[in-house]
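Trainee: A single structure is presented below for examination.
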2 protein chains.
Amino acid sequence: MPVTDRLVEFITARRAPPPDVTRIVDLCLLDWSSVAIAGRNEPVARLVRERAAQEGGEAEAEVCGTTQRLPVRAAALVNGVTSHALDYDDTHFASLGHPSVTVIPAVTALADRTGASMDEAKQAVLTGAEVAIRLGVWLGRDHYRTGFHVTATAGAFGVTAGAARLLQLNAVQTRMALGLTASLAGGVKAQFGTMAKPMHAGLAAAAGVDAALWAEAGIVAAEDGLESTQGFAATHHATRDDRAFDGFGREYLLPEVSHKFHACCHGTHAMLEALRRLRDAHELTRKTVDSIEITVHPQYLDICNIPDPRTGLEAKFSYRQLAAMMLSGVPTDRLESYSDDMLADPDLSTCRAQVRVRTDGSMRETCARVEVWTHGGDHLVADHDLAAPMGNDTRLARLLAKSAALIGEARSRELWSDIVASPETPDRSPGAVLLTL
Amino acid sequence: MPVTDRLVEFITARRAPPPDVTRIVDLCLLDWSSVAIAGRNEPVARLVRERAAQEGGEAEAEVCGTTQRLPVRAAALVNGVTSHALDYDDTHFASLGHPSVTVIPAVTALADRTGASMDEAKQAVLTGAEVAIRLGVWLGRDHYRTGFHVTATAGAFGVTAGAARLLQLNAVQTRMALGLTASLAGGVKAQFGTMAKPMHAGLAAAAGVDAALWAEAGIVAAEDGLESTQGFAATHHATRDDRAFDGFGREYLLPEVSHKFHACCHGTHAMLEALRRLRDAHELTRKTVDSIEITVHPQYLDICNIPDPRTGLEAKFSYRQLAAMMLSGVPTDRLESYSDDMLADPDLSTCRAQVRVRTDGSMRETCARVEVWTHGGDHLVADHDLAAPMGNDTRLARLLAKSAALIGEARSRELWSDIVASPETPDRSPGAVLLTL
């Protein structure tokens, strides 16, 4: 069955997912809102917001970081960029993408415009995220390795799917919207390390909004923009792995999403989780520890193994510094922990010197092993796999702690309460619930 | 020398081109304005314009088909779509693209916003068109054959170049704007035959405006979005033909541009020009002609050789019907000539039956040969090559005739007068000159 046919069927069937899947959407909304609000003053967020505000237009949707409402496309763009500005949002490893930062800003902006409820927005977010994930897997490693940023490319199709669901487009309109997206989706990895990387999230959000609203208005595009001759797959190095659609429509992959609980490179998180577990179980401190050995997949050596970082930014890419921070109780979930001043702390430097990093090519990319030798003679070992399932209660507790670290405990509690109570708050639009400071 | 370095140097050097090259820009503006105004009520133009008008925003730039001014990005988008809606705009064959419909709407909208003069807009149009053409050749046949629409892809970089020139961006900003364009340029040929094809022109115009304005504001993107690892060329099947830049900055390729003088498939134009010459030189009519033989490159058989068309649209893709129209004096430059009623004209049908089409694989794709046998016993032969240079005076006369057929003689004369008088009309913005009905 052609992929476009599968997607149209899935989007227009409007099935209700099981409650545990809906709960994942709630958790993604909590996390997305927290990282967006915390990222509102990042330079890229400010620059994109200022230009959108200068353009102006109809007051359709809430915009993070300002009380000025803007047209839905502009709001999706700004909120997408803003929520990816800190690179602290969720990741779906198998699809190599960040589903929330494209789909949520677009769907919530559309809900603000149409008056859709938070509950309808959640259904549309799930639809969009599921399509972004499935298509990310389908486009696959060839697409990613050649240089396409899956968050932006598969993400744009996911946004279109979520927008089509929210707008209740019919099958023909949904097909046209997906077809049009083949000419709107883009984003190359040459931008990594620049402001253009977080911009990709907003651009994908805007692209899907455009595609869905144009299709709703009657624009005619390719019947099969994905798989036809000279369509998206043919031009964008798609792997076309049809196993991506195993169970599609019955099972959801969004619950596999991995949230970031540390405000640093995702490649260091498995190590931090393993060390955190040892630290808490054995009440380790830097005074009781003699040495630490970290084992990771060799691909990370070029990414996040700066042995002696000189700045707060470099610390985010340093196994040794981050291990020292974890052992010393420096909160790795707080943005302000990564100050340049930290590098002058002699205790952290001493501790860092006790950490070794080695590699194991047979290890999964989502795994890390941490071994600790104590002054008392213990040899402690912990493994962590970021891809391992996490119960919703554990995830909620950790996300609330992260949210509190980012936007304050009072605001994070209120935010969560508003998200779960959504059906009873028809007077506040989803954007107002999620983006009020 | 890296392509981005060449482009930055060319854009920021702001050299003044020779007068005959500037005259080509004047002619392109005349033609672009005429086809845009004539296309304003096409469904795709109307739909895109209505959504932009609904979004609203700052009254920065003129929009074809409405007196409502819109933000510069929206104006570039709508005017780009509108000017490509009839598919009656210019073509640069060697680069496989339509340079005017992307660059002119973007540059003139920016000029409306900044208060730049028509003369400054012309310089920026030339800069942008030259970059679009050079990059179209550089991206080349691989890029096009895989399925990318060069008008949209190379066009977006061209727009960025023109916008950077108009905004007088410095070298760093220009580099950032070009880098960002690597994530904004797109458009696949799966859309051909749908409304999304003309939308590509507007999307490229909007992309270049976005890139230039964001770079002006301080957005940081890839240093070399075109050629770096995982940049545009690596991901978009670029041929990377460096001969594309032979003479770049000293010589201009825009004068090679081919204008359409018949409101039908470009593949039929060489035939129409050859037959037109014979008709006028020998005062041929359908009563004096016994038979006609047309010879073209075989690639056109699948495109524009519908032997017995049934609709006005099919007539645009029919060598035989178009030859009958030319011989009978039906104006092939007027949109209204292609009515369904025409197919019921018995005289045209009789004449059509006298036309044969044959192919010659050794013929250039831009060429056609027409042979006519008259009742008087003459055998007349004419060849035409669309790539052959056309003098500016001849081109002007033909463009004025086309413009008059599209928007009326009075308006076309006034338009041309305003275009050439540009330096003396600082009180009227370029958009107002070009897009007033």
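Trainee: I'd like the full set of residues that are in a helix (DSSP H, G or I) and under 29 Å from the mean Cα position of the chain (by Cα), limited to segment B:275-303.
Mentor: Just the residues of segment B:275-303 that are in a helix (DSSP H, G or I), to begin with: B:275-282, B:298-303.
Scanning segment B:275-303 gives B:Leu275, B:Arg276, B:Arg277, B:Leu278, B:Arg279, B:Asp280, B:Pro298, B:Gln299, B:Tyr300, B:Leu301, B:Asp302, B:Ile303.
Trainee: What's the number of the only condition in (1) among the aliphatic types (A, V, I, L, M); (2) in the same structural domain as A:Val63 (by TED's automatic domain parsing); (3) surrounded by 20 or more Cβ atoms within 10 Å (Cβ to Cβ); (4) more than 22 Å from A:Ala36 (Cα to Cα) that A:Ala217 fails to meet?
Mentor: Of everything listed in (1) among the aliphatic types (A, V, I, L, M); (2) in the same structural domain as A:Val63 (by TED's automatic domain parsing); (3) surrounded by 20 or more Cβ atoms within 10 Å (Cβ to Cβ); (4) more than 22 Å from A:Ala36 (Cα to Cα), A:Ala217 misses just condition (3).
Trainee: Residues in segment A:114-125 that are surrounded by fewer than 23 Cβ atoms within 10 Å (Cβ to Cβ) and part of a helix (DSSP H, G or I): how many?
Mentor: Residues flagged as surrounded by fewer than 23 Cβ atoms within 10 Å (Cβ to Cβ) and part of a helix (DSSP H, G or I) within segment A:114-125 amount to 4.
Trainee: Would you mind stating whether A:Ala74 is within 18 Å of the chain's Cα centre (by Cα), within 12 Å of another protein chain (Cβ to nearest Cβ), of a type outside the set (Lys, Arg) and buried (at least 24 other Cβ atoms within 10 Å of the Cβ)? Quick ask: steps written out before the conclusion?
Mentor: Values: within 18 Å of the chain's Cα centre (by Cα): no; within 12 Å of another protein chain (Cβ to nearest Cβ): yes; of a type outside the set (Lys, Arg): yes; buried (at least 24 other Cβ atoms within 10 Å of the Cβ): yes.
Criteria not met by A:Ala74.
Trainee: If I ask for residues that are farther than 16 Å from A:Leu27 by Cβ and modelled with pLDDT under 90, which ones from segment A:389-435 would you list?
Mentor: Those that are farther than 16 Å from A:Leu27 by Cβ and modelled with pLDDT under 90: A:Pro423, A:Glu424, A:Thr425, A:Pro426, A:Asp427, A:Arg428.
Trainee: Which of the residues belonging to segment A:242-282 are of a type in the set (D, E, K, R) and either closer than 30 Å to A:Thr127 by Cβ or in contact with a helix residue (DSSP H, G or I) (Cβ under 7 Å, 6 or more places away or on another chain) (or both)? First the steps, then the outcome.
Mentor: Taking segment A:242-282 first, the residues of a type in the set (D, E, K, R) are A:242-243, A:246, A:250-251, A:256, A:260, A:273, A:276-277, A:279-280.
Residues satisfying the conditions are A:Asp242, A:Arg243, A:Asp246, A:Arg250, A:Glu251, A:Glu256, A:Lys260, A:Arg276, A:Arg279.
Trainee: Could you check segment B:69-104 and list, in sequence order, the residues that are of a type in the set (A, V, I, L, M, F, W, C), in contact with a Phe, Trp or Tyr (Cβ under 8 Å, 6 or more places away or on another chain) and modelled with pLDDT of 95 or more?
Mentor: At the first step, the residues of segment B:69-104 found to be of a type in the set (A, V, I, L, M, F, W, C) are B:70, B:72, B:74-78, B:81, B:85-86, B:93-94, B:96, B:101, B:103-104.
Next cut, in contact with a Phe, Trp or Tyr (Cβ under 8 Å, 6 or more places away or on another chain) only: B:96, B:101, B:104.
Answer for segment B:69-104, where residues must be of a type in the set (A, V, I, L, M, F, W, C), in contact with a Phe, Trp or Tyr (Cβ under 8 Å, 6 or more places away or on another chain) and modelled with pLDDT of 95 or more: B:Val101, B:Ile104.
Trainee: Taking into account only those residues within segment A:326-374 that are among the aliphatic types (A, V, I, L, M) and without any contact (Cβ under 8 Å) to a residue 40 or more places away in the chain, which is nearest to A:Leu406 (Cα to Cα)? Talk me through it step by step, then tell me what you get.
Mentor: As a first pass, look at segment A:326-374 and keep what is among the aliphatic types (A, V, I, L, M): A:326-327, A:330, A:335, A:342-344, A:348, A:353, A:355, A:357, A:363, A:368, A:370, A:372.
Subsequent filtering for residues that are without any contact (Cβ under 8 Å) to a residue 40 or more places away in the chain retains A:330, A:342-344, A:348, A:353.
Numbers: A:Val330: 15, A:Met342: 19, A:Leu343: 22, A:Ala344: 24, A:Leu348: 23, A:Ala353: 30 Å.
Among residues in segment A:326-374 that are among the aliphatic types (A, V, I, L, M) and without any contact (Cβ under 8 Å) to a residue 40 or more places away in the chain, the one nearest to A:Leu406 (Cα to Cα) is A:Val330.
Trainee: Hey, another quick one. Within segment B:151-168, which residues are away from chain A (no Cβ under 14 Å) and surrounded by fewer than 24 Cβ atoms within 10 Å (Cβ to Cβ)?
Mentor: Hit for segment B:151-168 is B:Gln168, nothing else.
Trainee: Of everything in segment A:34-55 that's among the aliphatic types (A, V, I, L, M) and within 14 Å of chain B (Cβ to nearest Cβ), which residue is farthest from the chain's Cα centre (by Cα)? Quick ask: steps written out before the conclusion?
Mentor: Within segment A:34-55, the first condition is being among the aliphatic types (A, V, I, L, M), and the residues that meet it are A:35-38, A:44-45, A:47-48, A:52-53.
Next, only the ones that are within 14 Å of chain B (Cβ to nearest Cβ) stay: A:44-45, A:47-48, A:52-53.
Values: A:Val44: 17, A:Ala45: 16, A:Leu47: 21, A:Val48: 19, A:Ala52: 23, A:Ala53: 25 Å.
Only one residue tops the list, namely A:Ala53.
Trainee: Out of A:Ala238, A:Ala201, A:Ala244, I need the residue that is farther than 16 Å from A:Arg134 by Cα and assigned by TED's automatic domain parsing to the domain that holds A:Thr82. Which one? Please lay out each step first, then the result.
Mentor: On the way: A:Ala238 fails: farther than 16 Å from A:Arg134 by Cα; A:Ala244 fails: farther than 16 Å from A:Arg134 by Cα.
Just a single option satisfies the conditions, and that option is A:Ala201.
Trainee: Considering only segment A:87-104, I want to know if a residue exists there that is in the same structural domain as A:Val21 (by TED's automatic domain parsing), among the acidic types (Asp, Glu) and part of a helix (DSSP H, G or I). Before you say what the answer is, go through the steps one by one.
Mentor: Initially, segment A:87-104 is screened for residues in the same structural domain as A:Val21 (by TED's automatic domain parsing), giving A:87-104.
Filter once more, keeping what is among the acidic types (Asp, Glu): A:87, A:89-90.
Still in the list and also part of a helix (DSSP H, G or I): none.
No, segment A:87-104 has no match at all.
Trainee: Give me the pairs: first residue in segment B:205-231 and closer than 22 Å to A:Pro43 by Cβ and facing chain A (nearest Cβ under 9 Å), second residue buried (at least 24 other Cβ atoms within 10 Å of the Cβ) and among the aromatic types (Phe, Trp, Tyr), beta-carbon distance under 7 Å, and six or more apart or on different chains, which are they?
Mentor: B:Gly225/B:Phe232
Trainee: What are the residues in segment A:107-126 that are under 15 Å from A:Cys28 (Cα atoms) and among the small types (Gly, Ala, Ser), if any?
Mentor: A:Ala121, A:Ala124
Trainee: Does segment B:285-302 contain at least one residue that is of a type in the set (Phe, Trp, Tyr), in the same structural domain as B:Gly136 (by TED's automatic domain parsing) and crowded, with 16+ Cβ neighbours inside 10 Å? Quick ask: steps written out before the conclusion?
Mentor: Of the residues in segment B:285-302, the ones of a type in the set (Phe, Trp, Tyr) are B:300.
Then keep just the ones that are in the same structural domain as B:Gly136 (by TED's automatic domain parsing); that gives none.
No: segment B:285-302 contains no residue that is of a type in the set (Phe, Trp, Tyr), in the same structural domain as B:Gly136 (by TED's automatic domain parsing) and crowded, with 16+ Cβ neighbours inside 10 Å.
Trainee: So is B:Ala132 within 14 Å of chain A (Cβ to nearest Cβ) and under 14 Å from the mean Cα position of the chain (by Cα) or not? Walk me through how you get there before you give the answer.
Mentor: Values: within 14 Å of chain A (Cβ to nearest Cβ): no; under 14 Å from the mean Cα position of the chain (by Cα): yes.
Considered against the rule, which asks whether it is within 14 Å of chain A (Cβ to nearest Cβ) and under 14 Å from the mean Cα position of the chain (by Cα), B:Ala132 comes out as no.
Trainee: In segment B:246-273, what count of residues is obtained for those that are in contact with a Leu (Cβ under 9 Å, 6 or more places away or on another chain) and in a helix (DSSP H, G or I)?
Mentor: Looking only at that region, the number is 8.
Trainee: Inside segment A:304-332, can you point out the residues that are outside any helix (DSSP H, G or I) and of a type in the set (D, E, K, R)? Please lay out each step first, then the result.
Mentor: Step one: filter segment A:304-332 for residues outside any helix (DSSP H, G or I), giving A:305-311, A:316-318, A:329-332.
Across segment A:304-332, the qualifying residues are A:Asp308, A:Arg310, A:Lys316.
Trainee: Which one of these does B:Asn79 not meet: (1) assigned to a helix (DSSP H, G or I); (2) among the polar types (S, T, N, Q); (3) more than 13 Å from every other protein chain (Cβ to nearest Cβ); (4) surrounded by fewer than 24 Cβ atoms within 10 Å (Cβ to Cβ)?
Mentor: It fails just one condition, (4).
Trainee: Can you tell me which of B:Arg73, B:Arg51, B:Arg69, B:Arg113 is within 20 Å of B:Thr151 (Cα to Cα) and of a type in the set (Lys, Arg)? Write out each step before concluding.
Mentor: Numbers: B:Arg51 fails: within 20 Å of B:Thr151 (Cα to Cα); B:Arg69 fails: within 20 Å of B:Thr151 (Cα to Cα); B:Arg113 fails: within 20 Å of B:Thr151 (Cα to Cα).
Answer to the selection: B:Arg73.
Trainee: Now a separate question. State yes or no: is B:Ala238 assigned to a helix (DSSP H, G or I) and farther than 29 Å from B:His375 by Cα?
Mentor: Details: assigned to a helix (DSSP H, G or I): no; farther than 29 Å from B:His375 by Cα: yes.
When the stated conditions are applied, B:Ala238 does not pass them.
Trainee: Condition check: modelled with pLDDT of 95 or more, crowded, with 20+ Cβ neighbours inside 10 Å and within 14 Å of chain A (Cβ to nearest Cβ). Does B:His236 satisfy that?
Mentor: Judged against the criteria, B:His236 is a match.
Trainee: Identify the residue in segment B:174-214 that is of a type in the set (Val, Ile, Thr) and out of contact with any strand residue (DSSP E or B) (no Cβ under 8 Å at 6 or more places or on another chain) and, among all such residues, is surrounded by the fewest Cβ atoms within 10 Å (Cβ to Cβ). Before you say what the answer is, go through the steps one by one.
Mentor: Let us first name the residues in segment B:174-214 that are of a type in the set (Val, Ile, Thr), namely B:174, B:181, B:188, B:194, B:209.
Okay, now just the ones that are also out of contact with any strand residue (DSSP E or B) (no Cβ under 8 Å at 6 or more places or on another chain), so B:174, B:181, B:194, B:209.
On the way: B:Thr174: 28, B:Thr181: 29, B:Thr194: 20, B:Val209: 32.
Out of the qualifying residues, it is B:Thr194.
The values are calculated or read from the model by the stated rules, or taken from the named source; none is laboratory data. Bear in mind that the values here come from a model prediction, so they are computed numbers and not experimental data. Backbone-built Cβ (ideal geometry, glycine too); neighbour counts: all protein chains shown.
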